[in-house]
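Bear in mind these aren't lab numbers, they're just calculated from the coordinates by the rules spelled out. Keep in mind that what you see is a predicted model, and the values were worked out from it rather than measured. As a convention, Cβ positions derive from the backbone with ideal geometry for all residues, glycine included, and neighbour counts pool all protein chains shown.
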Amino acid sequence: MKKILLLGSGELGKELVIAAKRMGLYVVACDSYAGAPAMQVADEAEVFNMLDGEALERVAARHRPDYVVPEIEAIRTEKLYDLEQQGMHVVPSARAVNYTMNRKAIRELAARELGLRTANYRYVTTFEGLKQAASEVGFPCVVKPLMSSSGKGQSVVREAAELEKAWDYAMRGSRGDLKEMIVEEFIRFDSEITLLTVTQEGGRPTLFCPPVGHVQKSGDFRESFQPAPIGEDFLREAQMMAEKVTRALGGAGIWGVEFFLVSGKGVYFSELSPRPHDTGMVTLAGTQNLNEFELHLRAFMGWPIPGIRQDRAGACAALLASCAEEKVPEYRGIENILGVANADLRLFGKPVARPNRRMGVAFCYGPLADGVEPLREEVKALAEKVEIG
Ligand SMILES: Nc1ncnc2c1ncn2[C@@H]1O[C@H](COP(=O)(O)OP(=O)(O)OP(=O)(O)O)[C@@H](O)[C@H]1O
Ligand SMILES: [Mg+2]
């Protein structure tokens, strides 16, 4: 039985484990705390700090997995090159995981080497540098640590007086020892999408899921929907960019490639992650013949994917904890969703609720011909009827 070492055991990991278990694979789920969502469905669990390279090496040596599958960014990713050398299959590749966890590496590749359109940007390491860079890209601008995810340390700066606060916030939100940030031009996009892109082994073609539209707040997704109603030109441009950047990084698996769409200007590449994407949880609503986790698994296992078929339209809303402090979660009102014929939900089973922590997702789905708009309204209204915390 092939063995998977899953690095990160959140809600995305949990669905990947479920897909893997359905195919008879053996999974060791890792995270920094016990009882994490993916651990609840895996064969074994390891609790350790994945930023600790030696600990990561020890765990890999103990389990000798066939596949090492990162689910999050906060991993000592340099170590993955060693594991790859030792014959473990890092998904999608050690190179891809290392590039995508650092905004500078991926931006240089996308904007300079591949010539993709991105927001105008500068890198800074000092406060003086930040002031200079902001005056060059103009206000408003977005300040982000080079290494961070889920919007941590990220802020929109409207005027020079706000720069100091943005600097402190980015310093605090920066992961690891790298104290550098990127300052980006603020793009007034009409909409943003994740293009779930599947790269395959053995010369098989790259596949694209129908675009997932989403709405973010405080760096975290609040709703997503599929298929996002976008123009054919935008879609083709995004697909071309996604194909280029995933090919340059290498390896087989699913990627969440994020774009901003600006009418009259075109598509801006924002960033990408070499794994299932949180906005792609909408595929759990049965929008496609294979959800994003099944696609990821098939792609890195080298199994055939006969095609991605869109079966229905879907919308998804994040269920956030509403408690004022950390506590064991209680769930109220889930019957309001379960009682609706075209709705469903997933609860992640996180052992602890914290203010605004994502604890589950709600879905609504319907015929493709009716589009996503009514579903977005419906799922948001249903999500309001659930209280967690
Ligand atoms: N230059 C920009 N102009 C306008 N909006 C932006 C810009 N950069 C980021 N945003 C907004 O902030 C969101 C999060 O940004 P980004 O994806 O870079 O951060 P992240 O921390 O990597 O988030 P995640 O890990 O959740 O994808 C974007 O989806 C977008 O809504
Ligand atoms: Mg993002």
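The packing ranking, built from the mean of other Cβ atoms within 10 Å per residue, places the peptides 272-282, 349-359 in the order 272-282, 349-359, highest first. Estimated from helical segments only, the mean residue ellipticity of the chain at 222 nm is -8000 deg cm²/dmol, where each DSSP H run of four or more residues counts as -39500 (n - 2.57). Most simply put, the chain has about 80% antiparallel DSSP beta bridges, counting only bridges with both residues inside it.
Could you point to the residue in GLY202, SER191, TYR169 farthest towards the positive end of segment 165-214's charge dipole, with +1 and -1 charges on the Cβ of Lys/Arg and Asp/Glu respectively? So the residue furthest toward the plus end is TYR169. The eigenvalues of the Cα gyration tensor, multiplied by 5 and square-rooted, give segment 191-388 an equivalent ellipsoid with semi-axes of 29, 18, 17 Å from largest to smallest. Annotation: extensible slack from ASN49 through ALA369 equals 110.5 nm (criterion: 0.36 nm per residue apart, minus Cα-Cα distance). Kirkwood hydrodynamic radius of the chain, from the reciprocal of the average inverse Cα-Cα distance over all distinct pairs: 21.5 Å.
In terms of overall dimensions, the C-alpha atoms belonging to segment 1-140 reach 55, 29, 29 Å along their principal axes, ordered largest to smallest.
Can you tell me the dipole magnitude for segment 223-375 around its Cα centre, using point charges on the Cβ only (Lys, Arg +1; Asp, Glu -1), in Debye to the nearest 20?
Details: 15 positive and 18 negative charges, 82 e Å.
Dipole magnitude for segment 223-375 comes out near 400 debye.
Put a dot 7 Å past the Cα of MET240, heading toward its Cβ, do the same for TYR33, and the two dots end up 4.6 nm apart. A simple charge model with +1 on the Cβ of Lys and Arg, -1 on the Cβ of Asp and Glu and nothing else charged puts the dipole of segment 260-326 at about 420 debye relative to its Cα centre. Here the label points at LYS217 and ARG22, each 7 Å from Cα along the C-beta direction, are separated by 3.1 nm in the simple model. Here segment 7-68 was treated as a single set of alpha-carbon atoms; its pair distances binned every 10 Å from 0 give 24, 56, 19, 0 percent. Here the Karplus curve 6.51 cos²θ - 1.76 cosθ + 1.60, taken at θ = phi - 60°, turns the phi angles of segment 142-154 into couplings of 10, 10, 9, x, 5, 10, 5, 9, 6, x, 5, x, 9 Hz, with x standing for Gly and Pro.
Nothing charged except the Cβ atoms of Lys and Arg (+1) and of Asp and Glu (-1): what's the magnitude of the dipole of the chain about its Cα centre? Round to the nearest 20 debye.
On the way: 47 positive and 53 negative charges, 83 e Å.
It comes to approximately 400 debye.
Think of the chain as having a plus end and a minus end, set by charges on the Cβ of Lys, Arg, Asp and Glu; of ALA160, PHE363, MET181, MET181 sits farthest toward the positive end of this dipole. Think of the chain as a dipole: +1 on every Lys or Arg Cβ, -1 on every Asp or Glu Cβ, centred on the Cα centre; then among SER270, ALA343, GLY138, SER270 lies furthest on the positive end.
Working note: Debye formula, equal point scatterers on the alpha-carbon atoms of segment 120-185, no solvent; log10 I(q)/I(0) at q = 0.20, 0.22, 0.27 Å⁻¹ is -0.64, -0.78, -1.19. Near SER32, within a Cβ-to-Cβ distance under 12 Å, what is the net charge of the other residues, with Lys and Arg +1 and Asp and Glu -1? So the surrounding residues net to -3.
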